[in-house]
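First up is the structure itself, then whatever we jot down about it.
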Amino acid sequence: MKSLLKKITDKIYYLPAEEETDRPILAAVVGENKTLLIDAGNSAAHANLFLAELNKMGLPRPDFVVLTHWHWDHIFGLDAIDALSIANQKTQEKIAELKTYEWTEVALDQRVSDKIEIPFCAEMMKKEYENLTDIKIVSADIIFNKKITIDLGGVSCIIENIGGDHAADSNLIYVEEEKIIFLGDCLAPDLYADKWTYTIAKLIPMLARIESYDFEINVESHWKPVRRKEFLSEARDLRQIAKLVKNKEKDIEMIKAELAKKLNRKLTADDHEMIKYFLNGLE
Ligand SMILES: [Zn+2]
């Protein structure tokens with residue numbers, strides 16, 4: 001039977017993201033002594049699918065699972081994974097908050113009305129779960145602050161809380177020997193703000209922090225592994241937009257014209273979105 005897993009290197013495997021119910025990439029870093037999973041998935045079903053696929057490939061059962069950030073699609077599968085879980089202090093605090101919520105359709109809809117939850121996540125949760133009451137939220141076992149290194153034997157993972165607009169608790173996971181970096185959703189805008197937002201003060205230093213790691217491939221949770229070159233070009237565009245937004249303030253047409261000139265190409269729908277996020281961030 002064909003495996004759903006994809007291999008990045010001999011030591012790193014992943015289950016691709018799925019848009020249908022907003023499942024992020026789940027990855028496994030296999031060391032000589034220990035195996036670490038990256039993210040727990042959006043449900044027990046998602047986590048169990050990944051575990052079954054690892055088993056099919058003859059890969060070891062996980063010893064650790066690290067959470068990239070607190071959003072539901074990355075943590076709801078945690079209870080199904082028999083491994084020590086790792087999270088930073090901020091993630092653990094958000095999990096504690098989620099544990100106080102009632103997980104029923106009525107309660108979830110109420111949280112959307114109260115602007116505690118966003119419609120997109122609520123809709124995806126309802127798609128992923130036949131019964132929301134099946135949601136079981138558990139805390140992590142190992143809590144760190146800024147940074148922690150996990151030695152898996154022959155391969156080690158640096159986990160660093162880099163924050164950003166999307167979630168203050170966002171971690172990157174750098175697999176040193178393999179030169180692969182997992183970025184979670186840290187490059188995405190803040191989806192919980194009234195308008196989707198990028199703030200220059202958060203995004204630009206974060207890009208420099210990511211670039212300081214000597215990676216060849218980077219993995220964003222809802223995308224696919226891409227080469228460093230692509231990351232650098234995206235980072236360059238983001239910096240350019242940030243600079244223009246800072247100088248021109250709210251004149252969107254001027255920003256667009258200048259950007260096309262600077263990048264020497266026609267702007268894409270993505271470019272337009274990013275300009276909007278930065279402008280929202282000025283408000
Ligand atoms: Zn997220």
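The values are calculated or read from the model by the stated rules, or taken from the named source; none is laboratory data. Given the structure is predicted, the values throughout are model-derived calculations rather than measurements. When we count neighbours, we look across all protein chains shown, and the Cβ atoms used for this are built from the backbone with ideal geometry, even at glycine. These area figures cover heavy atoms from the full protein model, side chains too; ligands, DNA and RNA do not enter into them. Shrake-Rupley method; radii C 1.70, N 1.55, O 1.52, S 1.80 Å.
Quick notes
- Counted residues, segment 81-96 - those being open to solvent by 30 Å² or more (accessible area, probe 1.4 Å) and away from the ligand (no atom under 15 Å from the Cβ): 6
- Residues of segment 13-40 that turn out to be within 16 Å of the ligand (Cβ to nearest atom), in contact with an Asp or Glu (Cβ under 6 Å, 6 or more places away or on another chain) and not aliphatic (A, V, I, L, M), as a count: 3
- For segment 121-134, the criterion of being touching an Asp or Glu at 6+ places or on another chain (Cβ under 6 Å) and either within 14 Å of the ligand (Cβ to nearest atom) or under 27 Å from THR9 (Cα atoms) (or both) is met by at least one residue.
Every residue, every condition in (1) under 15 Å from the mean Cα position of the chain (by Cα); (2) open to solvent by 20 Å² or more (accessible area, probe 1.4 Å); (3) more than 16 Å from the ligand (Cβ to nearest atom), yes or no:
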{"position": "ASP151", "(1), (2), (3)": "no, yes, yes"}
{"position": "ALA168", "(1), (2), (3)": "yes, yes, no"}
{"position": "GLY184", "(1), (2), (3)": "yes, no, no"}
{"position": "LEU187", "(1), (2), (3)": "yes, no, no"}
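- Residue check for PHE144: touching a strand residue (DSSP E or B) at 6+ places or on another chain (Cβ under 9 Å), closer than 30 Å to ASP271 by Cα and open to solvent by less than 30 Å² (accessible area, probe 1.4 Å): no
- Some residue of segment 223-243 being among the small types (Gly, Ala, Ser) and in a strand (DSSP E or B): no
- Residues in segment 97-121 that are under 25 Å from LYS146 (Cβ atoms) and either open to solvent by 40 Å² or more (accessible area, probe 1.4 Å) or among the β-branched types (Val, Ile, Thr) (or both): GLU97, LYS99.
- Hits in segment 170-182 - residues which are away from the ligand (no atom under 14 Å from the Cβ) and touching a helix residue (DSSP H, G or I) at 6+ places or on another chain (Cβ under 8 Å): ILE181
- Residue that is nearest to GLY281 (Cα to Cα) [pool: residues in segment 195-213 that are more than 14 Å from the ligand (Cβ to nearest atom) and among the hydrophobic types (A, V, I, L, M, F, W, C)]: ILE200
- Criterion (closer than 21 Å to PRO225 by Cβ, part of a strand (DSSP E or B) and free of Cβ contacts under 8 Å to residues at least 60 places away in the same chain) met by exactly one of LEU54, LEU37, LEU49, LEU59: LEU37
- Boolean, TYR192 is open to solvent by less than 40 Å² (accessible area, probe 1.4 Å) and either away from the ligand (no atom under 16 Å from the Cβ) or not in a helix (DSSP H, G or I) (or both): no
- Counting only residues that are of a type in the set (S, T, N, Q) and either closer than 21 Å to VAL138 by Cα or in contact with a Ser or Thr (Cβ under 7 Å, 6 or more places away or on another chain) (or both), segment 51-79 holds 1 of them.
- Among the candidates ASN247, ASN264, residue that is at positive phi and open to solvent by 50 Å² or more (accessible area, probe 1.4 Å): ASN264
- Which numbered condition ASP73 fails, given (1) of a type outside the set (Gly, Ala, Ser); (2) within 15 Å of the ligand (Cβ to nearest atom); (3) not in a helix (DSSP H, G or I): (3)
- Residue under evaluation LYS246, criteria (1) in contact (Cβ under 8 Å) with a residue 24 or more places away in the chain; (2) over 27 Å from ALA40 (Cβ atoms); (3) within 21 Å of the chain's Cα centre (by Cα), criterion not met: (3)
- With respect to the conditions (1) away from the ligand (no atom under 16 Å from the Cβ); (2) crowded, with 16+ Cβ neighbours inside 10 Å; (3) closer than 22 Å to ASP141 by Cβ; (4) of a type in the set (S, T, N, Q), ASN48 lacks only one, and its number is (2).
- Counted residues, segment 205-234 - those being open to solvent by less than 80 Å² (accessible area, probe 1.4 Å) and modelled with pLDDT of 95 or more: 20
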